[in-house]
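Report on the following structure.
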Amino acid sequence: MTAALLQDSHGRVMRDLRVSITDRCNFRCLYCLPETEEAANFYRTRHDALRNPQPVALTPIRYEWKPKAHLLSFEEIERLVRIAVGLGVEKIRVTGGEPLLRRDVPQLIAKLAAIPGVRDLAMTTNGFLFARHAEALRTAGLRRVSFSMDSLDPVNFRKMTGRDGLAEVLAGIAQAQALGFAPVKVNAVVIRGLNDHELVPLAAFARERELSLRFIEFMPLDSGHAWKRDLVVPGREILARLRESFELLPVDQSGNPAETARRWKFAGGRGEVGIIAPVTEPFCGHCNRLRVTADGKLRTCLFSVGEHDLKPLLRGGADDAAIAQRLGGLVADKEAGHRIGQPDFVQPARTMSCIGG
Ligand code: SAM
Ligand code: SF4
C-alpha cells in the first residue's frame with residue numbers, strides 16, 4: 001500500500017524538506033546573526049558605525065547555542081528524512097546555521113544520499129569552509145550546493161557578514177564548479193543602501209562564471225529585528241535595474257510552479273539570475289516546503305510562530321508509523337501563507353540561522 005502524501009488543507013503536497021543541522025555559525029551576517037548591537041541596528045547606524053571602517057563603541061551580542069544533546073543526531077535526521085520521503089518528499093536541503101560547522105557532515109550526506117526516493121540532495125552554506133570539505137561531500141553524494149555571497153567587495157562583504165571571508169567563499173565556489181557540482185547557486189540577500197549598488201557586478205559575475213545567482217529580498221527574520229520595509233529592494237526593482245545593463249530572457253518554469261525564484265537567462269551569455277521576492281510577491285500558494293530545526297522542531301512555514309517538537313517521538317520509542325502520522329497531522333494544518341506587511345504580522349522568535357534557510 002502506498003503511504004498517504006503530506007498534503008495540507010489547501011491542497012499543497014509537500015515535496016521539499018530543509019533540515020538544519022546546527023544553529024551555530026562562523027559568520028555574523030547583519031540580517032541574520034549580527035555580531036554587535038550596532039550591526040543589529042544597522043538601519044539606524046549605517047551612516048556612521050557601519051560606514052566607518054573602524055566602528056566605535058561596539059557592543060557584542062552573545063548568542064546561546066543549543067546544547068549538543070538537543071540537536072538531532074545523524075541517525076535521527078536520517079530516520080526522519082526516510083519517513084518524510086516515504087510520504088512523498090523528494091528534495092532534501094541540508095542547512096543551518098552553518099552546516100559545515102557540524103563535524104563529519106559527509107557522513108550525514110552519505111546516509112541521506114542512500115535513502116531511496118531522495119531525488120535531489122543539496123546544501124546551503126556560507127562557503128567559508130567549503131573548499132576543504134568539497135571532495136568528501138561530493139564523494140558522499142552531494143550534487144548541488146548553494147553559496148551565500150552578498151558582495152564581491154571585500155570591505156562590503158565584511159560589513160555584511162562580520163567576517164573577512166570573501167576569498168574563501170570565492171575559492172569554495174570555484175572548487176564546487178571544478179568538482180562538477182551543478183548547478184552551483186549563489187544567494188545574495190539585497191538590502192537597500194548596503195549592497196544594492198552591487199546588483200550589476202554580482203549578475204556580471206554569474207554570467208562570467210556560469211553561476212545561478214539568486215537575489216533574495218530581505219525578510220524579517222533577523223535577530224536584531226532591524227527589518228524595515230524600506231530596506232527591502234522589491235524584486236521588480238531588482239529586475240528593472242538589471243535590465244538596464246543586461247538583456248534578460250525569461251526561463252520557462254511552467255513545469256515547476258513551486259520554484260521560489262523567477263529566473264532569467266542572459267541573452268547570448270552563460271549563467272542565469274533569479275529573483276526571490278517573498279516580501280513583495282509572496283509565493284505561498286505553491287509552497288511545498290517543510291523545515292526541521294537542528295533541535296528537531298518541525299516548522300510548516302518560514303514564518304510560523306509555532307513549531308512542533310519531534311524529539312519526544314524520535315527519542316521516546318515511537319515507531320515510524322506514529323511519526324508519519326504526526327507529520328501528516330502537522331502538515332494538514334500548514335498555514336495558508338505568511339503575513340508580512342499585514343497589521344497582525346508577528347516576526348518569528350527564531351532567526352533564519354535557527355530555522356534553517
Ligand atoms: N549559513 C548558511 C548560509 O548562509 O548559506 C545556511 C543558512 S542561512 C540561514 C540560509 C540562507 O538564508 C542564506 O542564503 C541567507 O542569506 C538567507 N537569509 C538569512 N537571513 C535572511 C533574511 N533576514 N532575509 C533573507 N534571507 C536571509
Ligand atoms: Fe550564518 Fe548563514 Fe546566518 Fe550568515 S546567513 S549568519 S552565514 S547562518
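The values are calculated or read from the model by the stated rules, or taken from the named source; none is laboratory data. Predicted model, so just to flag it, every value in this text is computed and none were measured. So basically every Cβ, Gly included, is an ideal-geometry build from the backbone, and we count neighbours across all protein chains shown.
General observations
- Candidate set from the stretch 83-118 (those that are touching a residue at least 60 places away in the same chain (Cβ under 8 Å), more than 21 Å from the chain's Cα centre (by Cα) and not in a loop (DSSP other than H, G, I, E, B)); member that is farthest from ligand 2 (Cβ to nearest atom): GLY86
- Any hit, the stretch 1-19, residues being at pLDDT 95 or above, of a type in the set (Lys, Arg), under 22 Å from THR95 (Cβ atoms) and in contact with an Asp or Glu (Cβ under 9 Å, 6 or more places away or on another chain): yes
- Pairs meeting the criteria (first residue in the stretch 120-134 and in contact (Cβ under 8 Å) with a residue 60 or more places away in the chain, second residue among the hydrophobic types (A, V, I, L, M, F, W, C), beta carbons under 6 Å, at least 6 apart or on different chains) are ASN126/PHE27; LEU129/LEU100.
- Any hit, the stretch 223-246, residues being within 16 Å of ligand 1 (Cβ to nearest atom), within 26 Å of ARG18 (Cα to Cα) and under 17 Å from the mean Cα position of the chain (by Cα): yes
- Among the residues listed as ARG132, ARG163, the single one being assigned to a helix (DSSP H, G or I), basic (Lys, Arg) and at negative phi: ARG132
- Strands (runs of 3 or more DSSP E) enclosed by the stretch 247-325 - at least 1 residues per element that are in contact with a helix residue (DSSP H, G or I) (Cβ under 7 Å, 6 or more places away or on another chain) and farther than 17 Å from LEU6 by Cβ: 248-250, 261-266, 272-276
- Across the stretch 344-357, the qualifying residues are those that are assigned to a loop (DSSP other than H, G, I, E, B) and modelled with pLDDT of 75 or more, and the one among them that is farthest from ligand 2 (Cβ to nearest atom) is ASP344.
- Checked against the criterion of being surrounded by fewer than 22 Cβ atoms within 10 Å (Cβ to Cβ), closer than 17 Å to GLY356 by Cα and modelled with pLDDT of 95 or more, the candidates ARG132, ARG102, ARG119 yield just one match: ARG102.
- Some residue of the stretch 262-280 being at pLDDT below 95 and of a type in the set (Lys, Arg): yes
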